[in-house]
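This report refers to the structure that appears directly beneath it.
The values are calculated or read from the model by the stated rules, or taken from the named source; none is laboratory data. Just so it is clear, the structure is predicted and the values come from calculations on it, not from any experiment. Every residue, glycine among them, receives a Cβ derived from its backbone with ideal geometry; neighbour counts consider all protein chains shown. Quick note on the areas: whole protein, heavy atoms, side chains included, nothing else; ligands and nucleic acids left out. Shrake-Rupley method; radii C 1.70, N 1.55, O 1.52, S 1.80 Å.
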Amino acid sequence: GKGNYRHFMEKELHEHPAVIGDTLRQYVDPATRAVARPALPFDPATLPRLWLSGCGSAFLVCNTARYWFETLARLPVDCDVASELRYRDPPLTEGGAAMFVSQSGETADNLAAMKLLRSGGQSLVSVVNVPESTMARESDTTLMTVAGPEISVASTKAFTAQLSVMACLAINFARARGAIDAAEEARLTAALLEVPEHAARLLDSSTEIEALAADIKDARDVLYLARGSLFPIAMEGALKLKELSYIHAEGYAAGEMKHGPIALIDSSVPVIALCPSGPLFEKTASNLQEAAARGGRIIAFTDEDGAPALRRFASRVMVLPKVDPFVAPILHAIPVQMLAYHVAVLKGTDVDQPRNLAKAVTVE
Ligand code: F6R
């Protein structure tokens, strides 16, 4: 049941810390701080190319993982929504592999994409939350997320569990490919192992998120902006807001603003930015300043180092724990999901069963 929570989604949001912790414990040895070598149908050291496929939020996990596999493991990655991949007939690299991310393991388009890549000779790995699912059965190897049953139609805890698995794999592949050493591996896994604690603290800050929700609940359009591995999390924020509150929202790479979306900006359009301190901070902050100069109301998620610069022009700044940029996507997923939840509650929509949506999309 829902226990003391109003909705399954609220309950499942509060399971983020436990689920991230449980998933990480499956993959990281806490004593050595090394990622245990996962049983894979390919050797990550020599893998020429990796495909990532998913739908909806799972696709956004694939997008985040692409940044990790590329920058950390120096592995070439292709990433697409399953409904496109299944009809693309792309040229496939011999000896290549594909990973299919799915909570249910039953999503029709992802199963069809899997079939296509199998016929192209790729080795198949599924990252699923349901061990007896079709996707688990039809892949060479299944890597489990340990999220437990997810009842709310909108995915929450499965999303951070999927990110946690992909982060562990990126570290493991980076090690296997000689792109990082044992010390760097230990540093990155330590950063991951701290995420549950940070997540718990974020869940305690719901009053602050509720204030942000009140700020955007009457907007017609909301833009979410970020760069790098946080860009897919901006898209996740927009997707969750759309499906739960029916407010039109888009996630954009911050650098794309001036190539079109900036034409939408006026004082009625909240701009939600994921902008922690780090190598891309100045670039994102300058895009936000341009939006603010055109009347955009900036709501920024950052950390204590990023806050002072953003406070000069943002209408609201929420300070998140300062973490290694590697784990920032997992952490930022939590407040953007919470924000969509609280907007939906304020609007009185059917939070656990948004209109027109199904938990598992088993038809094309
Ligand atoms: C978004 C959401 C959907 C699912 C998508 C894939 O909140 O829940 O976008 O992520 O339908 O479902 P699975 O992961 O079961 O393949």
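Of all the residues in segment 315-330, those that are open to solvent by 20 Å² or more (accessible area, probe 1.4 Å) and touching a strand residue (DSSP E or B) at 6+ places or on another chain (Cβ under 6 Å) number 3. Close Cβ contacts (under 7 Å, 6 or more residues apart or on different chains) running from residues in segment 335-360 that are under 18 Å from residue 233 (Cα atoms) to residues that are open to solvent by 70 Å² or more (accessible area, probe 1.4 Å) and not hydrophobic (A, V, I, L, M, F, W, C) comprise 342/210. Counting the residues of segment 1-53 that are part of a loop (DSSP other than H, G, I, E, B), of a type in the set (A, V, I, L, M, F, W, C) and open to solvent by 30 Å² or more (accessible area, probe 1.4 Å) gives 5.
With a requirement of 3 or more residues that are open to solvent by less than 40 Å² (accessible area, probe 1.4 Å), the strands (runs of 3 or more DSSP E) lying completely within segment 65-171 that satisfy it span 77-81, 97-102, 123-128.
When you look at residue 46, is it of a type in the set (Val, Ile, Thr) and in contact with a Ser or Thr (Cβ under 7 Å, 6 or more places away or on another chain), yes or no? For residue 46, the condition - of a type in the set (Val, Ile, Thr) and in contact with a Ser or Thr (Cβ under 7 Å, 6 or more places away or on another chain) - is not met. When segment 306-364 is filtered for residues that are in a loop (DSSP other than H, G, I, E, B) and under 15 Å from residue 245 (Cβ atoms), the ones remaining, listed by number, are 348, 349, 350, 351, 352, 353, 354, 355, 356, 357. Consider segment 331-364 and keep the residues that are closer than 20 Å to residue 249 by Cβ and polar (S, T, N, Q). The one that is least open to solvent (accessible area, probe 1.4 Å) is 337.
Of all residues in segment 249-264, those that are part of a strand (DSSP E or B) have Cβ atoms under 6 Å from Cβ atoms of residues that are among the hydroxyl-bearing types (Ser, Thr, Tyr), 6 or more apart or on another chain, in 251/224.
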